[in-house]
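The values are calculated or read from the model by the stated rules, or taken from the named source; none is laboratory data. Note that the structure is a prediction, hence the values are computed from the model and not measured. As a convention, Cβ positions derive from the backbone with ideal geometry for all residues, glycine included, and neighbour counts pool all protein chains shown. Side chains are part of the model used for accessible areas, which takes the heavy atoms of the whole protein and leaves out ligands, DNA and RNA. Shrake-Rupley method; radii C 1.70, N 1.55, O 1.52, S 1.80 Å.
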Amino acid sequence: MKLGEWIAKCRILILIVSALLLVPSVLGIIKTRVNYDLLSYLPDSLETVEGQNIMVDEFGTGAFSMCVIEGMPMKEVQKLADEFKEVDHVKNVLWYGEVMDISVPTEILPDKVRNKFINGDAQLLVVFYDNTTSSDESMGALTEMRKIADERCFIGGMTGIVTDIKNLCMAELPVYVVIAAILSFLVLELTTESFAVPIFFLLSIGLSILYNLGSNLFLGSISYVTQALTAVLQLAVTMDYSIFLLESYEENKRHYPDDRNKAMGMAISATFRSVVGSSVTTVAGFLALCVMTFALGRDIGIVMSKGVLIGVLCCVTVLPAMILVFDGLIEKTKHRRFIPSLDGVSAFIIRHYRLWVLVLLILVGPALYGSKNVSVYYNISQSLPDDILSNIANDKLQKTFKMNTTHVILMDRNLDKDVKREIFEEIDKLEGVKFTLNLSGMVGPLLPEEMIPSRVKEMLQSDQHEMGMVVSRYTEATPEVNAQIAQIDEIVKSRDPGALVIGEAPMMKDLQDTTDVDIQRVNFLSMAAIFVIILCVFKSISLPFLLVLVIEFAINVNMAVPYFQGISLAFVASIVIGTIQLGATVDYAILMTNRYISERQAGKSKEESISIAHRSSILSILTSGCSFFVATFGVSWYSRVDMIASICTLLSRGALVSMASVIMLMPAMYMIFDGLIIRTTAGFGKRK
């Protein structure tokens with residue numbers, strides 16, 4: 001309590017310090033790099049990642065773009081290719097003119113050779129960058145190429161996708177924050193008793209968000225998913241703490257009407273105790289993401305865990321200072337609560353508790369089935385709108401050249417030439433392979449490789465490796481392309497065990513394999529961690545099972561909805577939703593259970609204890625759940641990046657389902673298992 005009173009007395013100093021901290025926070029935000037390539041979070045031990053590093057180290061390139069040129073004369077294509085070469089961080093441009101003199105009529109070339117670069121009036125250029133797919137240098141080069149090119153040029157590939165994600169996110173991110181703040185403000189105006197209070201709630205949380213984002217500087221970089229979700233999630237999950245503080249302050253003001261500092265000191269002490277218990281489960285949920293092999297989980301887990309802790313600190317320092325300084329304004333703007341008494345609703349829910357158990361039993365089967373069988377997509381381009389530049393270009397590649405993705409083969413440079421030819425001839429025969437691009441294939445079997453220009457050889461050969469390309473008709477992250485990759489890998493390694501098959505599709509296959517394991521690990525760990533926390537909080541064996549059961553039921557209902565809607569989820573959404581929904585909304589059940597246990601230990605009957613616990617917590621749960629809902633729903637409605645929108649859709653619906661599950665099912669759990677709870681919970685003695 002002494003610390004709380006000191007905070008209350010030093011309110012002006014706290015507000016000054018909080019304002020000054022904005023300077024390093026803003027600088028930290030500016031200097032923290034945002035990573036827009038989710039594939040870069042794959043573990044370094046994978047062959048695809050190893051191959052990407054070889055490409056950079058030996059070939060001086062880590063990424064390439066396929067460009068379709070339509071209706072452009074050969075001389076103009078050459079001019080465009082030369083202009084592309086002059087762009088900073090463009091390593092090389094491979095096209096028909098690099099292999100053959102453009103004065104040679106294309107008609108005399110074998111179809112197998114000509115069709116690799118030309119189809120009717122369309123030509124194909126392959127632009128190699130001197131850095132990795134998502135580097136600022138590669139994205140900058142692609143942006144400059146788009147400025148040079150006209151409407152006859154379509155630039156596809158992963159670098160284009162990453163660049164479009166960056167441009168969309170940079171444009172949308174400020175709107176996410178505005179939407180979440182406005183909708184949360186409206187909910188708070190309806191559920192609090194002062195027009196001014198929501199302003200100070202949002203200011204306090206806004207400061208904590210800026211501090212959190214600024215402190216990400218020590219991480220070096222964060223993903224665009226983390227950056228987009230941080231403000232919205234932090235606002236949603238830490239709003240409870242502000243509500244707890246204000247309610248405690250208003251209660252203590254009645255006990256100490258002449259000493260606001262003492263009332264706030266008592267409120268801070270009480271809030272800190274309750275908020276620490278509440279925040280531990282939320283932090284545990286986020287920290288569970290850190291065990292993922294796919295490092296995006298660690299990125300989200302660290303940033304959001306840090307955000308919750310910073311939110312707690314701001315709640316017991318900055319917010320009390322604001323409330324005390326502007327206490328007069330808060331009093332002047334007080335109004336009657338707009339939401340009427342919910343006692344009648346509470347009584348109805350408790351009286352019909354058997355009905356809610358029946359609903360659970362009816363829904364649990366479909367919920368489990370739907371959540372286990374929901375469709376998940378791993379193709380990152382699928383998260384972008386169809387009218388975005390990269391998707392238009394990729395669609396043009398598919399329609400014009402019947403190609404969707406390109407695999408890169410890295411093999412021993414000193415491998416026998418006939419063996420190399422055999423490898424690519426066998427790959428050419430595979431189902432779904434459009435064509436292969438390699439040194440021997442450029443001149444055909446009748447001409448020696450010495451006829452290939454040296455500049456082309458330099459593109460495809462290093463001191464140790466030779467590079468070949470396999471152009472596939474199949475789309476990334478599909479069963480067909482994954483089977484094709486496995487076949488190519490088997491063919492190549494049968495001749496060269498050290499060879500590597502890399503590229504966007506192989507990396508997405510690794511992404512799928514990695515995250516499939518991560519989902520199981522994260523969900524189990526988050527449940528186990530929160531189970532142990534609840535066990536320690538209530539010193540009960542039975543309550544952890546009941547609380548986790550109710551929230552896990554809500555999670556499965558939430559995840560089953562897209563299955564019955566026939567909607568495919570972004571893979572990131574399917575990974576993080578379970579642990580975030582569990583960690584963030586189990587607090588609703590803890591709040592009600594804490595009051596129920598307190599009343600039972602005080603000697604009240606089962607029915608009276610349940611009634612008091614439900615009536616006293618229902619409004620807080622509704623306020624918190626609705627704040628969580630509107631903050632995330634607004635983003636899901638607005639965002640054109642499905643990777644963000646699908647996560648926020650699940651979170652917003654999850655908040656409502658968890659809120660409804662706790663309000664409806666927890667009283668039923670108390671009614672049915674009251675005897676078991678008493679016998680398995682410390683503090684009851686021999687009470688029955």
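Tabulated data for the structure shown
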| quantity | calculated |
| --- | --- |
| Accessible surface, the stretch 164-236, averaged per residue in Å² (probe 1.4 Å) | 32 |
| Solvent-accessible heavy-atom area per residue, rounded to whole Å², over the stretch 265-347 at 1.4 Å | 37 |
| The stretch 535-688 - accessible surface per residue (Å², probe 1.4 Å) | 33 |
| Additional length obtainable on full extension of the chain from K31 to V364, 0.36 nm per residue less Cα span | 115.1 nm |
| Inter-probe distance in nm under a simple model that places probes 7 Å from Cα toward Cβ, at D136 and V357 | 6.2 |
| Separation between Cα centres of the stretch 612-629 and the stretch 191-264, rounded to whole Å | 17 |
| Phi to ³J(HN,Hα) by Karplus 6.51 cos²θ - 1.76 cosθ + 1.60 over the stretch 368-384, Hz, x for Gly, Pro | 5, 5, x, 5, 7, 10, 5, 6, 10, 10, 10, 7, 5, 5, 5, 7, 9 |
| Cα gyration tensor shape for the stretch 1-88, rounded if a/c is under 1.5, else prolate or oblate | prolate |
| Stretch gain in nm, segment M671-K372, where the contour uses 0.36 nm per residue and the Cα spacing is subtracted | 104.6 nm |
| Accessible-area order (highest first, 1.4 angstrom probe) of the listed residues I349, I672 | I672, I349 |
| The stretch 354-428: trypsin sites (Lys or Arg not before Pro) falling in loop per DSSP and having at most 14 other Cβ within 10 Å | K402 |
| Student exercise, the stretch 312-448 dipole from Lys, Arg, Asp, Glu Cβ charges, in Debye to nearest 20 | 740 |
| Two-site label geometry, D416 and R455: point separation in nm, points 7 Å out along Cα→Cβ | 3.5 |
| Highest-first arrangement of 86-94, 522-530, where packing means the average Cβ count within 10 Å | 522-530, 86-94 |
| Mean ellipticity per residue at 222 nm, deg cm²/dmol - from DSSP H runs of n ≥ 4 across the chain, formula -39500 (n - 2.57) | -22500 deg cm²/dmol |
| Only Lys, Arg (+1) and Asp, Glu (-1) charged, at Cβ; the chain dipole about Cα centre in debye | 4020 |
| Ranked by how many other beta carbons lie within 10 Å on average, peptides 285-296, 52-63, 141-152 from highest | 285-296, 52-63, 141-152 |
| In nm, spacing of pseudo-spin labels at K493 and Q601 (7 Å Cα→C-beta vector) | 5.8 |
| Euclidean distance between Cα centres, the stretch 292-306 to the stretch 1-23, Å | 31 |
| The chain, relative contact order in percent, only Cα pairs under 8 angstrom and at least six apart counted | 19 |
| FRET efficiency, 1/(1 + (r/R0)^6) with R0 41 Å, evaluated for L20 and E247 via beta carbons | 0.85 |
| Distant-in-sequence amide H partners of S223 (H built 1.01 Å from N, under 5 Å) | N35 |
| Listed residue (G140, Q123, Y41) projecting farthest to the positive dipole end of the stretch 37-187, Cβ model | Q123 |
| Rounded if a/c under 1.5, otherwise prolate or oblate - the stretch 256-392, Cα gyration tensor axes | oblate |
| Within the stretch 1-44: Cβ-based charge dipole about Cα centre, in debye rounded to nearest 20 (Lys, Arg +1; Asp, Glu -1) | 340 |
| Rounded percent of accessible protein surface that carbon and sulfur make up, the chain, 1.4 Å probe | 60 |
| Cα-based shape type of the stretch 211-295, given that a ≥ b ≥ c are square roots of the gyration tensor eigenvalues and the cut on a/c is 1.5 | prolate |
| Convex hull volume of the chain per residue (C-alpha atoms, cubic angstrom) | 164 |
| Highest to lowest packing among 551-562, 632-643, scored as the average C-beta count within 10 Å | 551-562, 632-643 |
